[in-house]
Amino acid sequence: DPRGEFAADSLFQAGDSLLNAEDDAAAEAFYERIRQAHPASELSYRAQLRLAQAYYQRGRFDETLNALQQIVANFPEDGTISLEIGVDAYTLFGSAHLQKNDFPAAVRDLEHALSLTEDAGKMPKLLLYLADAYYRSGKYQDAQTMYAKLIESYPTAPEIADARHGHLLTTRQL
């Protein structure tokens, strides 16, 4: 019975093991059991996010978007579920839209992720992704602003080299 917290955690760990073994179908079955037994729990949202991340890593962007849609359609932004899950979901949503060259959707989702967090650990990646989405959609001034914000605010971030390169490219476009 997956209704107990210990059982749900065990199912989650089993799902993770199956994802690591690239058995997405079996992992999805474990995560689905968690979602059915605990539909509005943080663990249920984490399971769905983990599955979406696995799809993304395998280049299965339509499945990524479908999995994320299940998260964001019902995500409570009232604090009952960690906003970190929402930030990660919208960041991944934006990244998947970028991979599919749907730049308006990427910008929308990444801006939403940015509005949900002030976590200094997440900001550099978010700013870089958003700047890239602006750049690829031809909004060079907005891209330059985001690259500059990243460079100025997070000068030691791992994303800094990409931000400098993007800033240089946008300067040439303006």
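Points to keep in mind about this one:
- Dividing the mean sequence gap of close Cα pairs (under 8 Å, 6+ apart) by how many residues region 71-174 holds gives a relative contact order of 20 percent.
- Charge-dipole axis of the chain as Lys and Arg at +1 and Asp and Glu at -1 on Cβ define it, positive-most pick from A25, Y154, A54: Y154
- Residue order for T80, T145, T156 - accessible surface, 1.4 angstrom probe, largest first: T156, T80, T145
- Positive-pole candidate from I71, S10, V87, dipole of the chain, charges at beta carbon: V87
- Each Cα pair under 8 Å and six or more residues apart adds its separation to the average, and for the chain the resulting relative contact order is 12 percent.
- Residues of type lysines that K149 reaches as a straight line, Cα spacing below 24 Å, ignoring anything fewer than 8 places off in the same chain: K122, K125, K139
- Here the calculated FRET efficiency for L83 and R108, from their Cβ-Cβ distance with R0 = 25 Å, stands at 0.90, rounded to the nearest 0.05.
- Solvent-accessible area per residue for the chain (1.4 angstrom probe, square angstrom): 52 Å²
- Potential extension, A26-E118 segment - 0.36 nm per residue separation minus Cα distance: 29.6 nm
- Highest average first, the peptides 106-117, 54-65 ordered by how many other beta carbon atoms sit within 10 Å of their residues are 106-117, 54-65.
- Accessible-area composition of region 91-174, carbon plus sulfur, in percent [1.4 Å probe]: 49 percent
- Here region 1-138 is treated with +1 on each Lys and Arg Cβ and -1 on each Asp and Glu Cβ, and its dipole about the Cα centre works out to around 300 debye.
- Between D23, D88, D142, the residue with the greatest mean-square fluctuation in the GNM of the chain (Cα pairs under 10 Å linked by springs) is D23.
- Relative contact order computed over region 82-121 (Cα-Cα under 8 Å; 6+ residues apart), in percent: 48 percent
- Helix axis angle, 5-20 relative to the chain longest principal axis, alpha carbon, degrees: 60 degrees
The values are calculated or read from the model by the stated rules, or taken from the named source; none is laboratory data. The structure presented is a predicted model; accordingly, all values stated were derived computationally and were not measured. Virtual Cβ from ideal backbone geometry, glycine too; neighbours counted across all protein chains shown. Keep in mind that these areas ignore ligands, DNA and RNA; they rest on the heavy atoms of the full protein, side chains included. Shrake-Rupley method; radii C 1.70, N 1.55, O 1.52, S 1.80 Å.
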